[in-house]
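Engineer: Below you will find the structure I want to go over with you.
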Amino acid sequence: MLIANPHASLKPYPTALRQIMNMAAADESLRWLSAWDQLADAATPLYALPDQASRLGVAQIHMKDESVRSPLGSFKALGAPVALLRLILRRWPEMDIDPTQLIRGAYADLVKDFTFISATDGNHGRALAAAAKTIGCACVIVLHANVSLEREEAIAAYGAKIVRIGGNYDASVEEAAGLAAEHGWEVVSDTSYDGYEDIPRDVMQGYGAIAAEAVRQAPAPFTHVILQGGVGGLAAGIISYLWERYGEDRPTFIVVEPQQADCLYQSARIGYPAVATGSVDSVMAGLACGETSPLAWKFLAESVDYFMTISDDDAIAAMIRLAKGGERDVPMVSGESGAAGFAGLEVLCANRDLFADVGLGAEARILLVSTEGATAPRVYRDLVGESAEAVMARQTAHLRRSL
């Protein structure tokens, strides 16, 4: 399903929003994280997909591959660690802490008794656990029933304490809040709620680095940017950067989410942060969120031109197509949530009315973000029909031929 956002407008980036998130803070976040040994030294690749562009009837498709951002395998390496750094800086303002040394573990004695907690679908918790291990503080992660054992093991490998509950993601958020109140821990969440905005803002701010890199790497400005939904944090972080950068000449923004986790779609329909109408149980685990982040919605409400939902089958088909690659297209390992933007593009291009409605055409230049690789390798293999290692071997061969 597709809905045009009646409140979207082409105007300069509002001052009120710039005071919350801005390009300068996004660039600062990336500078801090550049000192972390869990982050790649170079920008993630921006792959051109000319075969797919020709097949779908557009000028260019570029895919930013966040699977190689860090050994964590996802874009979350940009958000959660920055939020943790900024939280510690606020907690000890008198210490004049150097963030680049903090992320290297230089203040481990100071923070050794500091504990934080978070609810997660997997990638956010893994990034937090990795950052906590490096910094030297304690991490508790609440996982709901639909998070795979594979993802639990990946988080626990960094030394985090795991709390398992029944129910869905929203139930895990409530459990984390309750445990934090009981034990005096800090909550480090990527979704906001009444009275809780600083940390989600810092998480979202970190994602602006993706946009900053893409702008530098792209051969020409994008006409369309298609992003994953979830609670809205990734989209808000990237959109805020591009909106500030281009103002009223910004690209058309389209946000995609699972049919059964349509909180952003419903928010656009009624005009304020809403809850999903479905089961919130999707193969796209990172996007299976039931409630829109109110803070993220402040940035999306007037910037996203279209919200759309896709099926699990759409996402799986996109994973398979990206893994296959083409004569000119590099094979890519894109996970269940990572392929959602490409899946949304395919749905739009398959319906010529929708294709025209969102302004796609032969001149369209599209930015997509593969937000994760095979963060659950067994799940990836089952869905794609081959291992991530096999796809990566073909990718390596393709890139060598292209040299």
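Rundown of residues vs (1) without any contact (Cβ under 8 Å) to a residue 12 or more places away in the chain; (2) open to solvent by 10 Å² or more (accessible area, probe 1.4 Å); (3) not in a strand (DSSP E or B), yes/no style:
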| residue | (1), (2), (3) |
| --- | --- |
| SER267 | no, no, yes |
| SER282 | no, yes, yes |
| LEU295 | no, no, yes |
| VAL304 | no, no, yes |
| PHE307 | no, no, no |
| ILE316 | no, yes, yes |
| ILE320 | no, yes, yes |
| GLY338 | no, no, yes |
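Engineer: Can I ask one more? With SER282, SER267 as the choices, which residue is modelled with pLDDT of 95 or more, of a type in the set (Gly, Ala, Ser) and not assigned by the TED database to the domain that holds HIS124? Reasoning before the result, please.
Structural biologist: On the way: SER282 fails: modelled with pLDDT of 95 or more.
Result: SER267 is the single residue among SER282, SER267 that is modelled with pLDDT of 95 or more, of a type in the set (Gly, Ala, Ser) and not assigned by the TED database to the domain that holds HIS124.
Engineer: Of all residues in segment 355-401, count the ones that are among the β-branched types (Val, Ile, Thr) and outside any helix (DSSP H, G or I). Quick ask: steps written out before the conclusion?
Structural biologist: Our first condition is that a residue be among the β-branched types (Val, Ile, Thr); within segment 355-401, this holds for 358, 366, 369, 371, 375, 379, 384, 391, 396.
Remaining after also requiring outside any helix (DSSP H, G or I): 358, 366, 369, 371, 375.
Going through segment 355-401 one residue at a time, the tally reaches 5.
Engineer: Quick one: in segment 340-383, of everything that is among the β-branched types (Val, Ile, Thr) and crowded, with 24+ Cβ neighbours inside 10 Å, which residue is nearest to ASP305 (Cα to Cα)?
Structural biologist: We begin by selecting, within segment 340-383, every residue among the β-branched types (Val, Ile, Thr); these are 347, 358, 366, 369, 371, 375, 379.
From what's left, crowded, with 24+ Cβ neighbours inside 10 Å: 366, 369, 371, 375.
Values: ILE366: 14, VAL369: 18, THR371: 21, THR375: 30 Å.
Among residues in segment 340-383 that are among the β-branched types (Val, Ile, Thr) and crowded, with 24+ Cβ neighbours inside 10 Å, the one nearest to ASP305 (Cα to Cα) is ILE366.
Engineer: Being open to solvent by 20 Å² or more (accessible area, probe 1.4 Å) and polar (S, T, N, Q) is the filter; apply it to segment 101-156 and report the residue that is nearest to ARG91 (Cα to Cα).
Structural biologist: THR115
Engineer: Check ALA40 against each of (1) in contact with a Ser or Thr (Cβ under 9 Å, 6 or more places away or on another chain); (2) open to solvent by less than 40 Å² (accessible area, probe 1.4 Å) and name the one condition it does not meet.
Structural biologist: The failed condition is (2).
Engineer: List the pairs whose first member sits in segment 117-131 and is under 16 Å from GLU174 (Cβ atoms) and part of a strand (DSSP E or B), whose second member is basic (Lys, Arg) and open to solvent by 10 Å² or more (accessible area, probe 1.4 Å), and whose Cβ atoms are under 8 Å apart, counting only residues at least 6 apart or on separate chains?
Structural biologist: THR120/ARG126
Engineer: If you don't mind, there's one more thing I want to ask. Are any residues in segment 43-100 open to solvent by 40 Å² or more (accessible area, probe 1.4 Å) and assigned to a strand (DSSP E or B), and if so, which ones?
Structural biologist: ALA48, GLN60
Engineer: Restricting to segment 175-218, and then to whatever is charged (D, E, K, R) and part of a helix (DSSP H, G or I), can you tell me which residue is farthest from LEU17 (Cα to Cα)? Before you say what the answer is, go through the steps one by one.
Structural biologist: Start the filter on segment 175-218 by keeping residues that are charged (D, E, K, R), which leaves 175, 182, 186, 190, 194, 197-198, 201-202, 213, 216.
Now restrict to residues that are part of a helix (DSSP H, G or I): 175, 182, 198, 201-202, 213, 216.
On the way: GLU175: 31, GLU182: 34, ASP198: 14, ARG201: 11, ASP202: 14, GLU213: 21, ARG216: 23 Å.
It comes out as GLU182.
Engineer: Can you tell me which of ASN5, ASN22 is closer than 30 Å to ILE310 by Cβ and at pLDDT 95 or above?
Structural biologist: Values: ASN22 fails: closer than 30 Å to ILE310 by Cβ.
Result of the check over ASN5, ASN22: ASN5.
Engineer: Quick one: count up the residues across segment 244-265 that are part of a helix (DSSP H, G or I) and open to solvent by less than 20 Å² (accessible area, probe 1.4 Å). Let's see the steps before the verdict.
Structural biologist: Going residue by residue through segment 244-265, those that are part of a helix (DSSP H, G or I) are 244-249, 263-265.
Filter once more, so that each one left must be open to solvent by less than 20 Å² (accessible area, probe 1.4 Å): 247, 263-264.
Matching residues across segment 244-265 total 3.
The values are calculated or read from the model by the stated rules, or taken from the named source; none is laboratory data. No experiment lies behind these values; they were computed from the predicted model shown. Cβ coordinates were reconstructed from backbone atoms using ideal geometry, including for glycine residues, and neighbour counts include every protein chain displayed. To get the accessible areas, we keep the full protein, side chains included, count just its heavy atoms, and leave off ligands, DNA and RNA. Shrake-Rupley method; radii C 1.70, N 1.55, O 1.52, S 1.80 Å.
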